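Asker: What follows is a single structure, and I will ask about it in a moment.
The values are calculated or read from the model by the stated rules, or taken from the named source; none is laboratory data. Only a predicted model underlies this, so the values are computations on that prediction, with no experimental measurement involved. Counting neighbours? That spans all protein chains shown, and the Cβs are built from the backbone with ideal geometry, glycine included.
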Amino acid sequence: MTRQFYITTPIYYINAQPHIGHAYTTMVADAMARSQRLLGADVFFLTGTDEHGQKVERAAQKAGVDTRTFANDVAGSFRQMCRDLSITNDDFIRTTEPRHHRAAQALWRRVAANGDIYKGDYEGWYCTVDEIFVPETQLVDGRCPTCGGKVERLKEQSYYFRLSKYQQPLLDFYRAHPAFVQPDFRFNEVRSFVEAGLQDLSISRTSFRWGIPVPDDPAHVMYVWFDALTNYLTALGFGADGSEAQARVERYWPVVIHLIGKEILRQHALYWPAFLMAAGINPPERIIAHGWWLMGGAKMSKSAGNVARYQDYVRVFGVDALRYFVMREMPLGLDANFSDEGVLTRFNADLANDLGNLVSRTTTMIHRYCDGVVPAPGERDELDASLERQIGGTIGAVVRQFEQFQITVALQETWELIRFVNQYIVKREPWALAKRPEQRAMLDATLYHAADALRVTAALIDPVMPEAAERIRRMLGTAQERWTDLTAGGLQPGTRLGPTEPLFPRIEKTLEELRTMTPDETPAPAEQKAATPAEQKPAAPAEEPRVTIDEFMKVDLRVAKVLEAEAIPKSKKLLKLKVDTGRDQRTIVAGIAEAYQPEQLVGRSIVIVANLQPAKLMGVESNGMVLAGSPDGGQPVLVGFDQDLPPGARVR
Ligand code: MSP
C-alpha cells in the first residue's frame, strides 16, 4: 500500500527578500520530499508565503506602493527562489489567496462553534516584527526578547482562544506521541512551557486591516498566526466545497511533517495542535525544528542586517554545491555558521576532490581501457566483495538516516563510500593492470565495481544534489533508480557510457577574488583533468600522535561569560576580555578582533582554557585562552552552545 508523506516549510513573511535562512529550510524539505519519492511514497510538498499583518502593511507604505502590489512582488521572489534552487514543491500557497481566506474562516467557525472563542479586552506589549504580544516579564530592556525590536503598548478589543482549556489535552497528546517534536530537547522545552500553565490567546486585531476578516465581525482581522498556521490545511482543500477537496484532506492529514526553524516552535507545537483539537481535527504527526544559520555569531536575519543572499552562492558554486553545503554542515537541530570559507573548503575537498575525482577517473578509464562500455565483473575476490558490502551497508544506512531527517549523517555515510571506492581504485591500480594483458580480468572487475559504486553514489546524492546525480547518470549511461530497488551489482555490463564531463571543477580562486567577482564573471574554475596515475595516489594520511584521556583531562575547559570587551590599542587581532568563570573574574586576551566587535561579545557565553599559564600579550596579562575554530586562513569563530550554560560549567 502506498504511504503518504506530506511535508511543509513555514510560509515565509514577505516583509523581506528571501535569504539563505529561508533557502535552507526549503532545500531541506525538498531533499526530504525527493528522498521519499525515491522510496515510493505518495508525496505532497508545500511551501509559500505568509502575507498578512501590520508589518507587511508598514513595509508596503515604506516602499511607497499599495499593499497588494508589494505582496505580489515579494511573493514572486520566493517563487523564484524555488525555481532557482531546484525545489520540487507541489503547491505554493499565498495567504492572500481566496482559497486561504475561505479555509481560515472555516477553521475559525469550527473553533467558535465548539465554544472556544470569546470576546474580551486586551492590553499588552506587542512586537510588530514577530506579531506577538510579549508578557511584561519577558521583555529584555523593554524590547522583544526574540528579535530585540521595539514593542508597542496596544489596547484593543479582541477575540480570545481558550488556550488554557487545552493545557491538559496538550500534555496528554504529547505523552501519547513521544516523537511529536524533534529533536527531543526541543520537545522538553515545549512540554515545560505547557506544564507551567497556559493563558488564553488573543486571536484578533482591530488596529490594522491587512488580514482575514473574522467571520461575522469584519471590524476584526485574524491574528496572523491563526491565519498562517491554517495554510497547511488550505493547500489540501480544507474549506473548499466538494468531495475531491475532502478526499485530499483525508489523504494527507494528519500524516504531515512541519519543518520549521526553532524560533517558531511554540506556535507549531502548541497553538496549532490546540486550534486543531478545538476544531475537532487531529494534530499534525511531527514538528521538526532545525537550528539557525549564524553569521559572525548572530542569527542571520534581515533585522540584524547580516544576511547572505542565496543567489551569490548559486552563481559562484552552483545550486547543487549550495544544497550540499547547507545539508552537510548543519546537523539537525543545531546552529551552524555560514561562511564563504566554509563553502569554498567543502566545495574543493568534498565535491571537487572526493566526488569529482571518483567520477572523472572511473569514467575516463572505462573510456580509455574498455572503449566506453561497462565491462563484465567476472570473478569477485575479497576486495571486490568488501566494496560490495560497503555499498550495501551504505544504502541501508542512508535510507535509515533520511527517514530520521539526519541528512548530514546520510551525507557522511555516502562520503565514506566515496572515499572507500577511491581507495579501492588506488589499491588496484587499474592503470598498471592495463599494461599487463594477463591482468585483463582484474582490470574489468575493478572498473565494473567502481562504476557500480558510482551508480549507487549518484542515487544516494540524488535528493541533495539532483543535478549532479543526473549528470553522473548521463556519464554512466544509466537511468534514475528508486531507492527501493537499489542494490550493489545492479549495473548492467555492456552499458555504453556518455561523454565524461567535469562535475565539480576545483575553484582555484581565492576568497578575495570570489567576493569581488562581477555577475558575468561566472567562476572560471580550473579544468578538472582526467586523473593521471600519479595524481590518483592520495598522500598517505600522517599518523597523528594520540593523547591519553588523562592528558586531555588536564586541560580545564570551562564555560565563561564575557563581562567586558575592548580593543587593545595598536593591535589588529587582539581583544581584551573580562570574563566571569563562575569562580573568579579575570582578564583574557583573545585573537578574535578581526572577526568580532567588542560589543558583540558582552553577555556571551564562551569556552576558555581555565588553567593555562598566564602570558603577556601586547603588554596585557592574559589568564587563559578563548576557544574558537577557524578554517585554513579564515576568521576565527567562537565555540558556543545551542543552550545556555552557566559560567563555570565544565566542557569536555
Ligand atoms: N511567517 C512565519 C511562519 C509562519 S508558518 C505558519 C515566519 N516567517 S519567516 O519569514 O520569518 O521565516 C522563518 C523561517 O525561515 C524559519 O522558521 C526558518 O525556517 C527560516 N529561517 C529564517 N532565518 C533563518 C536562519 N538564520 N537560519 C535558519 N533558518 C532560518 O516565521
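Asker: Which members of the range 130-160 meet the condition of being part of a strand (DSSP E or B), of a type in the set (Val, Ile, Thr) and over 17 Å from Gln54 (Cα atoms)?
Answerer: If the condition is that a residue be part of a strand (DSSP E or B), of a type in the set (Val, Ile, Thr) and over 17 Å from Gln54 (Cα atoms), then Val140 is the only one that fits.
Asker: Consider the range 18-64. How many of its residues are over 23 Å from Arg400 (Cβ atoms) and either small (Gly, Ala, Ser) or at pLDDT below 95 (or both)?
Answerer: 15
Here is a yes/no grid of residues against (1) buried (at least 23 other Cβ atoms within 10 Å of the Cβ); (2) in a helix (DSSP H, G or I):
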residue: Gln36; (1), (2): yes, yes
residue: Leu46; (1), (2): yes, no
residue: Glu57; (1), (2): no, yes
residue: Gly76; (1), (2): no, yes
residue: Arg110; (1), (2): no, yes
residue: Gly115; (1), (2): no, no
residue: Gly120; (1), (2): no, no
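Asker: Do you know which of the residues in the range 1-15 that are among the polar types (S, T, N, Q) and in a strand (DSSP E or B) is nearest to Gln54 (Cα to Cα)?
Answerer: Among those that are among the polar types (S, T, N, Q) and in a strand (DSSP E or B), it is Thr9.
Asker: Sticking with this one: Just checking, how many residues over the range 78-94 are part of a helix (DSSP H, G or I) and under 19 Å from Ala228 (Cα atoms)?
Answerer: Of the residues in the range 78-94, 2 are part of a helix (DSSP H, G or I) and under 19 Å from Ala228 (Cα atoms).
Asker: While we're looking at this one, here's another question. Checking Ser158 against (1) surrounded by fewer than 18 Cβ atoms within 10 Å (Cβ to Cβ); (2) modelled with pLDDT under 95, which single condition isn't satisfied?
Answerer: (1)
Asker: Evaluate the following for Asn89: is it polar (S, T, N, Q) and either surrounded by fewer than 16 Cβ atoms within 10 Å (Cβ to Cβ) or not assigned by TED's automatic domain parsing to the domain that holds Pro215 (or both)?
Answerer: No: the conditions fail for Asn89.
Asker: What number goes with the only condition from (1) within 22 Å of Met465 (Cα to Cα); (2) touching a residue at least 12 places away in the same chain (Cβ under 8 Å); (3) not small (Gly, Ala, Ser) that Gln54 does not pass?
Answerer: In the conditions (1) within 22 Å of Met465 (Cα to Cα); (2) touching a residue at least 12 places away in the same chain (Cβ under 8 Å); (3) not small (Gly, Ala, Ser), Gln54 misses (1) alone.
Asker: Within the range 570-581, which residues are surrounded by fewer than 16 Cβ atoms within 10 Å (Cβ to Cβ) and in contact (Cβ under 8 Å) with a residue 24 or more places away in the chain?
Answerer: Residue satisfying the conditions is Lys570 alone.
Asker: Looking at (1) over 19 Å from the mean Cα position of the chain (by Cα); (2) within 17 Å of Leu259 (Cα to Cα); (3) hydrophobic (A, V, I, L, M, F, W, C), which is the only condition Ala60 fails?
Answerer: Going through (1) over 19 Å from the mean Cα position of the chain (by Cα); (2) within 17 Å of Leu259 (Cα to Cα); (3) hydrophobic (A, V, I, L, M, F, W, C) one by one, Ala60 breaks only (2).
Asker: Within the range 177-216, how many residues turn out to be exposed (fewer than 15 other Cβ atoms within 10 Å of the Cβ), among the acidic types (Asp, Glu) and within 16 Å of His268 (Cα to Cα)?
Answerer: 1
Asker: Also, quick follow-up: With Gln167, Gln182 as the choices, which residue is modelled with pLDDT of 95 or more, under 28 Å from the mean Cα position of the chain (by Cα) and assigned by TED's automatic domain parsing to the domain that holds Leu276?
Answerer: Going through Gln167, Gln182 in turn, the sole match is Gln182.
Asker: Any residue in the range 1-29 that is closer than 21 Å to Gly40 by Cα and within 11 Å of the ligand (Cβ to nearest atom) sitting within a Cβ distance under 7 Å of a residue that is among the basic types (Lys, Arg) and not in a strand (DSSP E or B)? List the pairs, counting only those 6 or more apart or interchain.
Answerer: Close Cβ pairs satisfying both conditions: Met27/Arg323.
Asker: Got a sec? Which of Ala63, Ala41, Ala71, Ala33 is closer than 25 Å to His220 by Cβ and not assigned by TED's automatic domain parsing to the domain that holds Glu403?
Answerer: Exactly one of Ala63, Ala41, Ala71, Ala33 is closer than 25 Å to His220 by Cβ and not assigned by TED's automatic domain parsing to the domain that holds Glu403, namely Ala71.
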